[in-house]
Structure formats: C-alpha cells, structure tokens
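Values in this text are rule-based calculations from the coordinates and carry no lab data. Given the structure is predicted, the values throughout are model-derived calculations rather than measurements. Here the Cβ positions follow ideal geometry from the backbone for every residue, glycine too, while neighbour counts run over all protein chains shown.
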Amino acid sequence: MAATSPLTRHPSNPLLIAELAPFPCDLLFNAGVTRFDGRYAMVFRNDYGYLGGSDFTGTNLGLAFSDDGVAWSIEPKPCITRDHAVTLIQPFMPHRDAAKELRRFYDPRLTVIDGRPHLCFAIDTEHGVHGGVAVTDDFRDFEVLHVTAPDNRNLVLFPERTGGRFVRLERPMPVYSRGGDRFDLWCSSSPDLRDWGGARLVLATEAVSFANDKVGPAAPPIRTERGWLTTFHAVRRDRSLGKRGWEDRWQKTYDAGLMLLDLDDPSRVIAQASAPLLTPEAEYETDGFRNDVIFPGGMVLDEDGDVRIYYGAADTVVAMASASLEDLLDFVLAG
Ligand code: BMA
C-alpha cells in the first residue's frame with residue numbers, strides 16, 4: 001500500500017499574495033527559493049495587468065528575502081523587468097529583435113553553485129519556448145550563460161557537479177508525441193554551465209500513476225545519503241471536468257511527486273513515491289487563476305533536518321509545506 005505523504009502545509013499559507021507586492025501584481029506565484037548569505041532568498045513570477053482570458057499586460061520577476069523562510073519582505077522593484085529580460089536574451093538570437101521576440105520571462109528556480117546563486121528561467125518567444133541559465137551575485141545583475149534551443153523548459157540545476165560535470169533536469173516538449181502532451185523529464189550535463197549535452201530520459205509520463213498528460217522537474221534537488229531527493233510536477237487532464245479557474249480554458253490538475261536519483265548517475269531513478277507528495281486540497285490550491293495547481297520551485301533543507309517545499313498554488317500565490325528529511329526519505333523509499 002502506498003505510504004501517505006508526510007508533508008504539512010504551513011499554517012500561514014499562502015505566504016505571499018499579490019496584494020503584498022509594492023508594484024503592479026495580479027498573480028504572485030512559481031518561486032525559486034534558496035539559502036544565500038545567511039537568509040532565504042526568493043525570486044518569484046509576477047503576472048500583472050490582467051486583461052481577461054489568459055492575457056496579462058506583462059510578466060516580470062520579483063525578489064523577496066526572509067530570515068525565517070515564513071515572513072517575507074518583497075523588494076521595492078522587480079529584479080528582472082521585461083526590458084532587462086530583452087537585453088539578457090538578445091545575444092542568443094542575434095538575427096532577431098529580442099524586444100519583438102519575447103513574450104514572457106518566467107518560472108524562476110534558484111540553485112547556489114560554488115557560492116553563487118544561479119537562476120534557471122523559461123522564456124516564451126514568437127518562435128518557441130526556451131529554458132535558460134543565469135548567474136548573479138546580488139540578484140540585480142545577471143549574466144545569462146545558456147539558452148536552450150526550442151522547445152524546452154523547466155530547467156533545474158543540481159547544486160554540485162557529478163563526475164566533474166554540472167547536471168540539470170529539464171522538460172523538452174516534443175511536437176510529434178502521441179496522445180496528448182506526453183512530455184517527459186530529462187537530464188543533461190555540462191562542463192561549464194554554457195554547453196549542454198549528454199541528454200538522458202529520467203522519468204516518463206507513463207511511469208507516474210497519477211499523471212496522464214505530462215511530467216516535469218519542480219524544485220532543484222537536495223543531496224541526501226540515499227540519493228538526490230527531488231520533486232517533480234505531474235499533470236492530469238480530465239476534459240469532463242470543464243473549465244476550472246478564472247482562466248477560460250483550464251482543465252488540468254498539477255500534483256507534486258517525489259523521487260530519489262542516483263548520486264553517481266542522476267539520470268537513474270532509484271526510488272519513486274507511488275502516491276503524490278502534494279495534491280491540491282487547500283482553498284488557495286483549488287481556487288485561483290488556474291484551479292488545482294501545485295507547482296514546486298524551491299526545496300530547502302534546514303539545519304534542523306526539516307525540508308521546506310515552496311510552491312506556486314493555483315498559479316496565484318506562493319505557499320510552503322514541510323516535513324523532516326527522514327520522513328520524506330521513508331515516503332519515497334516505501335515506493
Ligand atoms: C505550466 C507553466 C507554469 C504553470 C503551469 C500550470 O505549463 O505555464 O508556469 O504554473 O503550467 O498552469
């Protein structure tokens with residue numbers, strides 16, 4: 001029998017909501033979170049200027065800090081505006097005008113590598129979806145090291161090299177996949193975070209009993225004695241449910257799953273929880289712009305052995321749930 005998820009939702013959830021932002025903000029969600037410089041740092045997605053349907057005037061990335069990981073203080077200005085994003089991606093598309101190309105820059109994840117925060121992001125452009133990797137020292141100036149060829153996204157970096165190479169999880173979007181999206185979770189590696197290759201399939205949609213549409217990486221993995229512990233998102237589509245949420249077409253459900261990857265070969269799944277780690281139940285998860293979405297972007301192991309998982313809920317707010325590392329390992333190893 002599948003074990004029950006040990007996660008407990010934080011009583012102050014949702015921790016961040018649009019009304020707390022000191023700049024135009026309608027949806028404050030999908031955040032990358034890490035420990036840096038003695039405190040928690042968060043970069044979140046902000047969709048602002050709702051126009052109806054699925055349209056917004058724009059998307060930018062906001063920045064927040066916290067001493068305890070619960071009470072957050074949002075910086076007065078976004079850390080990556082649209083104009084900033086255009087200058088960051090222009091070198092990767094020299095024959096096109098990035099200002100005309102870029103639709104949005106979104107879904108940040110943070111990993112500290114060699115003492116420096118690295119930000120993974122997604123971009124939607126007029127010619128496809130890309131993932132990217134940037135590095136920063138102050139969350140203001142960013143250097144983009146890499147942008148994928150389309151179509152790929154949901155990049156998350158491991159905090160350490162394996163066999164001398166940097167590793168990431170990613171979610172390519174094959175056009176000719178049969179029967180719905182059927183997008184799977186892959187990994188690749190790099191000697192320098194700029195050139196990526198060695199792609200391997202890690203987790204296929206059909207290997208997840210609670211997914212029928214697609215799976216993808218969620219928060220960056222954490223190292224444990226038993227393996228790399230990592231979350232993924234798992235998507236179900238049920239057309240019979242009709243539209244759910246403010247958006248006019250939304251029909252999917254996003255759960256979080258948990259797996260353990262081999263420390264020496266992170267493309268190898270060594271354990272996988274058969275039940276979801278988190279499924280939408282709380283009102284802030286079931287009711288929002290897109291109902292029933294759990295989208296983890298940050299997983300932080302605290303000194304006391306607790307793991308905090310930060311996630312976007314209903315594509316509307318940021319929430320957090322936690323469990324001890326020991327309980328999470330028991331859950332994933334129970335299969
Ligand atoms: C994905 C991305 C995420 C979003 C999720 C659920 O395709 O667009 O940003 O949270 O869908 O809507």
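Some observations on this one:
- Area projected by the alpha carbon convex hull of the range 78-177, averaged over all directions, nm²: 7.1
- Loop-resident trypsin sites (Lys or Arg not before Pro) (DSSP state other than H, G, I, E or B) in the range 165-255 with no more than 15 further Cβ atoms inside 10 Å of their Cβ: Arg178, Arg194, Arg226, Lys243, Arg249.
- The residue among Gly312, Leu325, Gly216 whose Cα reaches farthest toward the positive pole of the charge dipole of the range 197-335, with charges on the beta-carbon of Lys, Arg, Asp and Glu, is Gly216.
- Summing charges over neighbours of Phe166, with a neighbour being any other residue whose Cβ is under 12 Å away from its Cβ, gives 0 when K and R count +1 and D and E count -1.
- Efficiency of FRET between His95 and Glu326 - r from beta-carbon atoms, R0 51 angstrom, step 0.05: 0.45
- Counting every C-alpha pair in the range 1-137, the share spaced more than 19 angstrom apart comes to 55%.
- If you take the alpha carbon atoms of the range 148-258 and fit the smallest convex hull around them, that volume is 129 Å³ per residue.
- Rg/Rh (Cα only; Kirkwood hydrodynamic radius) as it applies to the range 161-209: 1.07
- Annotation for His127 and Arg140: the two label points, set 7 Å from Cα along the Cα-Cβ direction, are 3.4 nm apart.
- Projecting the Cα atoms of Thr253, Leu278, Leu301 onto the charge dipole of the range 205-335, computed from C-beta unit charges around the Cα centre, puts Thr253 farthest toward the positive end.
- Rounded to the nearest 20, the size of the Cβ-charge dipole of the range 174-258 about its Cα centre is 240 debye, with Lys and Arg at +1 and Asp and Glu at -1.
- Rg(Cα)/(2.2 N^0.38 Å) for the chain, N = residue count: 0.91
- With the helix formula -39500 (n - 2.57) applied to DSSP H stretches of n ≥ 4, the chain reaches a computed 222 nm mean residue ellipticity of -2000 deg cm²/dmol.
- Hull shadow area, averaged, the range 130-212 [alpha-carbon convex hull, nm²]: 6.7
- Taking every alpha-carbon pair within the range 227-335, the share separated by more than 21 Å comes to 39 percent.
- Dipole magnitude of the range 267-335, debye to nearest 20 (Cβ charges: Lys/Arg +1, Asp/Glu -1, about Cα centre): 400
- With 0.36 nm allotted per residue and the present C-alpha distance subtracted, the Ile17-Thr81 stretch has 21.1 nm of extension available.
- Dipole magnitude of the chain about its Cα centre (Cβ charges: Lys, Arg +1; Asp, Glu -1), debye to nearest 20: 960
- DSSP loop GluC sites (Glu not before Pro) with at most 12 other Cβ within 10 Å: longest gap in the chain: 1-125
- Here the gap between Ser54 and Asp195, fully extended at 0.36 nm per residue and compared with their Cα-Cα distance, gives a gain of 47.3 nm.
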